[in-house]
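Here is the structure we will look at, set down as structure tokens.
The values are calculated or read from the model by the stated rules, or taken from the named source; none is laboratory data. Small disclaimer: the values here were computed from a predicted structure and weren't measured. With ideal geometry, Cβ positions are generated from the backbone for all residues, glycine too; neighbour counts draw on all protein chains shown.
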Amino acid sequence: MFEGVMNESIIGRAQKAGLAQVRVHNLRDWSDDKRHQKIDDRPFGGGAGMVIRAEPVYRALKSLGAFKKTGKPWVIFLSPQGKMFNQQAAKKLSARKHVLLIAGHYEGLDERVMAWVDEEISIGDFVLTGGEIPAMAVMDATVRLLPGVVGDPDSLIEESFSTGRLDFPHFTRPGRWRGKAVPDVLLSGNHRLIQDWREKESLRQTRKKRPDLLKNR
């Protein structure tokens, strides 16, 4: 599932340039079931679904350095119960040298494993079949913030959520398309007027589409 995301576009170029390194590990490699590599079992107390067993996760964490006294990775579990992921969280993660993402599955992990999880993250109030897609989303949002990954760093400053508001509208050539014209101010060459227009439009877009972002402003 991860190959395309890891090797294409910005993340692929970041890895080729040595700015980031992404590795995928299969929990089944640490299963104590040598024959079937099974990592899940039925939950105590009954109920639907299966639970990922503690032992394979423990072995994986130990093998990947999660128990080291120094230089240990920041361990994240992707789960609907986690704290909502946003741009500010991505910025914090981009400052960490080594992040280890655990993609949940089935009904989740044996709760005893959570003692070694540093942070629990959700990408929204909905349930997916597994944590792979959330892991890819977190990876993409974080890697693009690493120094040198995005060609023009200024583009990261003005984009949606970086300023607590949504981005302003964008236009490109031609200046008139199917009877719709680009705002005159963007063609004026007056950078101060353009900046003022962008600030006002950013605020207008936020009020219209995401007024919740302005509640604490």
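Here are some notes:
For (1) assigned to a loop (DSSP other than H, G, I, E, B); (2) surrounded by fewer than 18 Cβ atoms within 10 Å (Cβ to Cβ); (3) of a type in the set (Gly, Ala, Ser), each residue gets a yes or a no:
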position	(1), (2), (3)
ARG13	no, yes, no
GLN21	yes, yes, no
VAL24	yes, yes, no
ASP32	yes, yes, no
LYS38	yes, yes, no
PHE44	yes, yes, no
VAL75	no, no, no
LYS97	yes, yes, no
LEU101	no, no, no
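- Residues of region 170-217 that are surrounded by 10 or more Cβ atoms within 10 Å (Cβ to Cβ) and not in a helix (DSSP H, G or I): PHE171, GLY175, TRP177, ALA181, VAL182, PRO183, SER188, ASN190, ARG210.
- Residue count for region 103-140 under the criterion of being within 13 Å of LEU61 (Cβ to Cβ) and assigned to a loop (DSSP other than H, G, I, E, B): the result is 3.
- Among the residues making up region 125-141, those that are modelled with pLDDT under 95 and among the small types (Gly, Ala, Ser) are GLY130, GLY131.
- Qualifying residue in region 61-68 (condition: farther than 22 Å from ILE121 by Cα, assigned to a helix (DSSP H, G or I) and either within 24 Å of the chain's Cα centre (by Cα) or at pLDDT 95 or above (or both)): yes
- Residue within region 160-169 that is assigned to a loop (DSSP other than H, G, I, E, B), over 14 Å from the mean Cα position of the chain (by Cα) and exposed (fewer than 11 other Cβ atoms within 10 Å of the Cβ) present: no
- Within region 149-157, not a single residue is in contact (Cβ under 8 Å) with a residue 40 or more places away in the chain, aliphatic (A, V, I, L, M) and assigned to a strand (DSSP E or B).
- If the condition is being under 20 Å from PHE161 (Cα atoms) and of a type in the set (Ser, Thr, Tyr), then region 61-112 contributes only SER94.
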